[in-house]
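Chemist: Let me give you the structure first, and then I'll get to my questions.
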Amino acid sequence: MSDPRVFFAAERTLLAWIRTGITVMGLGFVVARFGLFLAIVSPAKAAHEAGLSHWHSNALGIALVLIGAFAILAAVANHRHYVRALPPQDRPAAPMPWLTLLVALGVAVIGLFLAAYLAVS
């Protein structure tokens with residue numbers, strides 16, 4: 001007997017991981033840019049210390065963006081493995097079965113581009 005709830009639970013889990021990855025990438029962007037903000041508004045005599053803290057916050061921000069992107073990629077790999085392990089009767093006939101994976105991979109690639117942008121700026 002088929003139970004479509006199993007497949008849809010896997011879809012919800014993938015979407016939750018995508019949402020988590022986007023959140024971590026957003027936090028990384030904010031951390032990287034907040035360090036730049038602190039360097040701009042700091043007094044002139046503390047410019048050296050502000051530049052040092054900007055470097056650390058930028059590195060931490062890039063790391064968070066990469067962690068978010070790789071979390072999404074790992075979630076996609078885990079989801080594909082799990083769905084392939086389901087019996088065929090538990091997989092509903094979706095009109096566009098590739099759409100969720102395409103969106104997840106697109107968000108992960110955007111995260112990798114964001115990390116590269118933060119590294120060069």
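Chemist: Whole-Hz Karplus ³J(HN,Hα) for segment 72-89, in order, using 6.51 cos²θ - 1.76 cosθ + 1.60 and θ = phi - 60°, x for Gly and Pro?
Modeler: For segment 72-89, the Karplus curve yields 5, 4, 5, 5, 5, 4, 5, 5, 4, 5, 5, 5, 5, 7, 6, x, x, 6 Hz.
Chemist: Same structure again: Between Phe113 and Asp3, what FRET efficiency comes out of the Förster formula 1/(1 + (r/R0)^6) with R0 = 25 Å and r the beta carbon distance, rounded to 0.05? Don't skip to the end; give the middle numbers.
Modeler: On the way: r = 39 Å, r/R0 = 1.57.
In this case the efficiency is close to 0.05.
Chemist: Among residues other than His79 whose Cβ falls under 15 Å from its Cβ, what is the net charge (Lys/Arg +1, Asp/Glu -1)? Mind showing how you got there, number by number?
Modeler: On the way: positive: Arg12, Arg19, Arg80, Arg84, Arg91; negative: Glu11, Asp90.
My count for the surroundings of His79 gives +3.
Chemist: May I pose another question? What distance in nm lies between label points placed 7 Å from Cα along the C-beta direction at Ala59 and Leu102?
Modeler: Simple spin-label model gives 4.0 nm for this pair.
A short reminder: the numbers here are calculations on the coordinates, not readings from a lab. Keep in mind that what you see is a predicted model, and the values were worked out from it rather than measured. With ideal geometry, Cβ positions are generated from the backbone for all residues, glycine too; neighbour counts draw on all protein chains shown.
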